[in-house]
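Contents: one structure, followed by commentary.
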Amino acid sequence: EIPRVTGVQTCALPICPCHRVFGLTVVASAMSLATATAPVALGGARATLRGRRLAHTGGSDKVIQKAPAVKPRRRGTVTTASAVGTNLTTWLLRQEMEHKIDGELAVVLSSVSIACKRISSLVQKAGISGMTGLAGGAGNASGEDQKKLDVVSNEIFCEVLRISGRTGVIASAEEEDVPVAVEETYNGNYVVVFDPLDGSSNIDAAVSTGSIFGIYQSDQSCVPDWGADDEGVVQEKCITNVCQPGDNLLAAGYCMYSSSTILTLTVGHGVYSFTLDPSIGEFVMSHEDVKIPATGKIYSFNEGNFVNWEPGLKEYMDAIKKGGKANDGKPYSARYIGSLVGDFHRTMLYGGIYGYPGDDVNKNGKLRLLYECAPMSFIAEQAGGMGSTGRGRVLDIQPDEVHQRVPFYTGSREEVQYLESFLREN
Ligand code: AHM
């Protein structure tokens, strides 16, 4: 059998040493012994040696005849080199050069990455800088207690986006009922929705947390006219701008603050992860064109709510404990951090399903459509997975309100479809 090399592609420059050696290795392995005398490179040299050895041990005349020199063939399958190791700034510029984003969006994404670096630094020091615990006050827009770091992270996001000068409206999980219109001087074309510190109930125990964001184009009919509009009109236009279906997202991402700080994002052309290298303060690509496995045997639900779940979901839970879709009669494994970003990131890499269902107490579950479910669904779909309410595609939902919640299931395509089959039947 002749080994075929397809996956490992090296730099296309003819002078690149790795290309020469690698290219010739491939050529040599594809040659017959009789013609294997190609000089210089590793593969040719090996093949020549093998030919000589055969000759000394009684190989045929054909083998010892000097074969004509063979020029290494250029393989037609050589594609572009891997981008792993590229820093985020360079990658963003490349996306712009390839017309996948414009310069303005690159600035917004770069600003988000700065916010993430600052929050990462604060999260790491939280235990020794007095940043654990509750902030006090009335809580966030959903009436939940706010941690000190929730508040500070929100300020960081708002500040970097305002200064970017490319954002017209920002809406945060931590803000009051209405999104914020950025004042005219700093105004731009993009609408950014974000949860600055998701899973913040984990902070005091130094468990994973994350930021989640989504970026939309401004709906021009809803851009506030600062000279003419009164406050009420500005607010109304902001809300209309923010309440777009996830299908309109131009970019989405999350940053996970864990043993590593990892920024994962999509601009609608696949999913890429960048790990923060603390020694240089740069996000460096660590996962290229991530794809969620089609199946996976890990489920990630808060099963403490089981008694309040609908019958179909309970049946599904029973089924996956008996092998479900992927596990050949063996129970699935449970993994639940209680931090969407961490649970999603693991699900994306290992496969499986994450779910936060609606139940008898909270009909639409806990997670917010705009800041959590829509951006994560965009990422999941770009990675070949799914984002579902159990009865429909999350990205199709036209939001009615800014802080709307929806039941949410995401992860491996076949696992989410399997769950949907139980909910549909009930
Ligand atoms: P939080 O930011 O107040 O912690 O709430 C959001 C988090 C999600 O990250 C996570 O998936 C979910 O809440 C966990 O909720 P629960 O503790 O009910 O399982």
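The values are calculated or read from the model by the stated rules, or taken from the named source; none is laboratory data. Here the structure is a predicted model, which means the values were calculated and not measured. Neighbour counts run over all protein chains shown; Cβ positions are idealised from the backbone, glycine included. Areas reflect the complete protein model, heavy atoms only, side chains present, ligands, DNA and RNA absent. Shrake-Rupley method; radii C 1.70, N 1.55, O 1.52, S 1.80 Å.
Of all the numbered requirements in (1) within 15 Å of residue 345 (Cα to Cα); (2) touching a Pro at 6+ places or on another chain (Cβ under 6 Å), residue 214 misses one, and that requirement is (1). Residue 374: away from the ligand (no atom under 14 Å from the Cβ) and within 30 Å of residue 242 (Cβ to Cβ), yes or no? Criteria met by residue 374. One residue alone among 235, 217 is open to solvent by 10 Å² or more (accessible area, probe 1.4 Å), at negative phi and modelled with pLDDT of 85 or more, and that residue is 217.
Is it the case that region 154-167 has a residue that's open to solvent by 50 Å² or more (accessible area, probe 1.4 Å) and assigned to a loop (DSSP other than H, G, I, E, B)? Talk me through it step by step, then tell me what you get.
First pass over region 154-167, keeping only residues open to solvent by 50 Å² or more (accessible area, probe 1.4 Å): 155, 159, 162-163, 166.
Among the residues that remain, those that are also assigned to a loop (DSSP other than H, G, I, E, B) are: 166.
Yes: one or more hits.
Residue 249 meets the conditions (1) of a type outside the set (Phe, Trp, Tyr); (2) in contact with a Gly (Cβ under 6 Å, 6 or more places away or on another chain); (3) within 29 Å of residue 147 (Cβ to Cβ); (4) surrounded by fewer than 19 Cβ atoms within 10 Å (Cβ to Cβ) in every case but one. The failed one is (4). Using beta carbons and a limit of 6 Å, which pairs, at least six apart or on different chains, have the first residue in region 122-133 and at pLDDT below 85 and the second one open to solvent by 40 Å² or more (accessible area, probe 1.4 Å) and of a type in the set (S, T, N, Q)? Listed pairs, sorted by first residue: 126/132.
Just one of the listed residues (336, 371, 409) is outside any strand (DSSP E or B), open to solvent by less than 10 Å² (accessible area, probe 1.4 Å) and either in contact with a strand residue (DSSP E or B) (Cβ under 9 Å, 6 or more places away or on another chain) or touching a residue at least 12 places away in the same chain (Cβ under 8 Å) (or both), and it is 371. When residue 382 is tested against the conditions (1) surrounded by fewer than 24 Cβ atoms within 10 Å (Cβ to Cβ); (2) within 14 Å of the ligand (Cβ to nearest atom), the lone failure is (2). When region 385-406 is filtered for residues that are without any contact (Cβ under 8 Å) to a residue 24 or more places away in the chain and surrounded by fewer than 19 Cβ atoms within 10 Å (Cβ to Cβ), the ones remaining, listed by number, are 392, 393. If the condition is being within 14 Å of the ligand (Cβ to nearest atom), touching a residue at least 40 places away in the same chain (Cβ under 8 Å) and within 26 Å of the chain's Cα centre (by Cα), then region 295-333 contributes 299, 300, 301, 302.
Scan region 263-283 and tell me whether some residue there is more than 21 Å from residue 212 (Cα to Cα), within 16 Å of the ligand (Cβ to nearest atom) and surrounded by 15 or more Cβ atoms within 10 Å (Cβ to Cβ). Looking for residues that are more than 21 Å from residue 212 (Cα to Cα), within 16 Å of the ligand (Cβ to nearest atom) and surrounded by 15 or more Cβ atoms within 10 Å (Cβ to Cβ), one finds none in region 263-283, hence no. In the set (1) assigned to a helix (DSSP H, G or I); (2) more than 10 Å from the ligand (Cβ to nearest atom), the condition left unmet by residue 342 is number (2).
Which of the residues spanning region 284-294 are touching a Gly at 6+ places or on another chain (Cβ under 9 Å) and either within 16 Å of the ligand (Cβ to nearest atom) or under 24 Å from residue 377 (Cβ atoms) (or both)? Listed by number, the residues that qualify are 285, 286, 288, 289, 290, 291, 292, 293, 294.
Scanning region 187-219 for residues that are within 16 Å of the ligand (Cβ to nearest atom) and assigned to a strand (DSSP E or B) yields 193, 194, 195, 196, 197, 198, 209, 210, 211, 212, 213, 214.
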